[in-house]
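J.: I am attaching a structure below and will ask some questions about it afterwards.
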Amino acid sequence: MAEPRRPRIIRTRPATGPDGGAPTGAGPGPDSGPGPNGGDAAAATRSAATAGGNTQAARPTSSKVTVTPLEPDAPVKTASPKSATAKTAPAKTATAKTAPAKAPGRPVVDLTARAKRPAKDAGPVPDVQPGKGGKKKSGTSTGRGAGATVLAFPTPAHKKRRRRAWIAFSAVAAVLAIVMVVALFSPVLAVRTIHIDGRKLVAEKTLQTALAPLVGTPLPQVTQQDVDRLLAKVPQVKSSRIEAQPPSALLVQVVERVPVALLKNGSGFVMVDQDGVELGTAKDAASAGLPLIDGGLAAVSKDTFSAMTAVLATLPKSVLGRLASATAKSPDAVELQMVDGKTVVWGNAADMELKAQVLQALIDAPAPTVDPGKPAPPPVQVYDVSTPRYPVTR
């Protein structure tokens with residue numbers, strides 16, 4: 001901010017010539033013309049100086065200074081240089097004022113005509129705002145309305161596409177959520193019919209009774225764990241798999257346990273699978289078509305039982321139906337007895353799949369031809385497949 005121009009200070013000083021009078025060559029100045037600031041003012045100044053006994057002539061004043069003439073009867077005193085000094089005003093008004101005259105008839109100098117002109121390029125208008133403690137803070141007033149322009153740039157195309165994609169995704173998610181809620185809790189999709197597939201040992205009624213708690217449950221709420229928990233009461237079922245058939249049907253495919261042997265239980269027989277799970281009863285061993293394991297139900301907890309049942313579970317049904325019993329002195333010495341009295345030496349649990357294939361091939365092999373005039377070879381009584389790559393018959 002530019003500093004305001006100070007007012008001009010005019011001081012009067014005596015001007016004498018060589019003879020103590022007016023200076024030589026002094027004549028009417030530029031302000032000697034008529035008017036309030038012309039010759040009348042100069043004459044009044046000279047008469048005031050003479051009336052006071054001072055023969056020195058006063059310096060002509062400028063046309064920008066107003067001089068008030070003294071009264072004729074009042075004594076005239078010459079103003080000292082200090083008293084004629086004009087006091088400057090504060091920076092706010094920039095107008096010079098003189099101190100009021102104490103004595104009557106003292107000339108008053110009015111400097112209002114020489115007020116400060118506004119400075120060019122003074123900068124922005126100060127903005128004064130009150131602060132803390134009664135003080136004022138000054139700053140530059142920017143002014144939002146002083147021609148300020150706000151530029152609005154258009155939204156990029158990729159942001160518009162992203163926003164539309166998010167809106168579409170939210171709408172699809174909301175629709176899917178509504179559909180899921182309706183599907184989970186709507187009675188329209190409740191289970192009314194249960195179809196069972198894959199059963200052979202267990203009766204249909206037994207399975208329907210076990211799965212009855214699922215009737216009335218919405219299809220989306222039926223889980224595999226629920227079906228397995230209900231079928232655990234049926235020992236013949238080893239595993240299961242469910243399939244929903246909207247709007248109200250459920251398909252359950254069961255995998256039953258395979259009976260591989262019979263155990264003597266009193267006067268009857270119990271069918272067991274490879275794990276020793278009881279699958280049903282039979283009146284006699286011939287009607288069941290399964291080999292008999294000696295030892296009764298107590299044999300289930302022995303190691304030999306697991307070894308024998310593992311062998312029996314590997315054999316095909318065509319071979320299993322020809323077996324009468326199974327015995328084992330140890331887990332590595334399993335033997336099988338066939339219905340026709342032949343013996344199968346199995347050995348340990350190694351290469352059981354290969355042993356089963358070799359045994360079936362030996363049993364199904366045709367009898368050797370006999371040359372005329374030679375005796376017929378003895379029938380085979382033992383099939384030794386303990387070393388399946390080198391089987392032996394005798």
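J.: Give the residue list of trypsin sites (Lys or Arg not before Pro) in the stretch 168-225 that are DSSP loop and have at most 16 other beta-carbon atoms within 10 angstrom.
T.: Listed in order of number, the matching sites are Arg192, Lys200.
J.: Moving on to the next point. Hey, what does the equivalent ellipsoid look like for the stretch 184-223, semi-axes from the Cα gyration tensor as sqrt of 5 times each eigenvalue, largest first, whole Å?
T.: Ellipsoid half-lengths, sorted descending, are 24, 9, 7 Å.
J.: Still on this structure, I have one more. Is there a pair in Lys233/Lys355; Lys264/Lys302; Lys205/Lys302; Lys205/Lys283; Lys200/Lys317 whose C-alpha atoms are over 26 Å apart, and which pairs would that be?
T.: Long pairs (Cα-Cα over 26 Å): Lys233/Lys355; Lys205/Lys302.
J.: According to the square roots a ≥ b ≥ c of the eigenvalues of the Cα gyration tensor, what is the shape class of the stretch 309-394, taking rounded for a/c under 1.5, prolate for a/b larger than b/c otherwise, and oblate for the remainder?
T.: Cα axes put the stretch 309-394 in the prolate bin.
J.: Just to confirm the filter: which trypsin sites (Lys or Arg not before Pro) across the stretch 217-317 are DSSP coil and have at most 16 other Cβ within 10 angstrom of their Cβ?
T.: Lys233, Lys283, Lys302
J.: How far is it, in nm, from the label point at Tyr390 to the one at Ala286 when both lie 7 Å from their Cα along the line to the Cβ?
T.: 4.2 nm
J.: Antiparallel versus total DSSP beta bridges in the stretch 288-394: what percent is that, nearest 5?
T.: About 70 percent, rounded to the nearest 5.
A short reminder: the numbers here are calculations on the coordinates, not readings from a lab. Quick caveat: nothing in here was measured; it's all calculated off a predicted structure. Ideal geometry is used to build each Cβ from the backbone, glycine not excepted, and the neighbour counts take in all protein chains shown.
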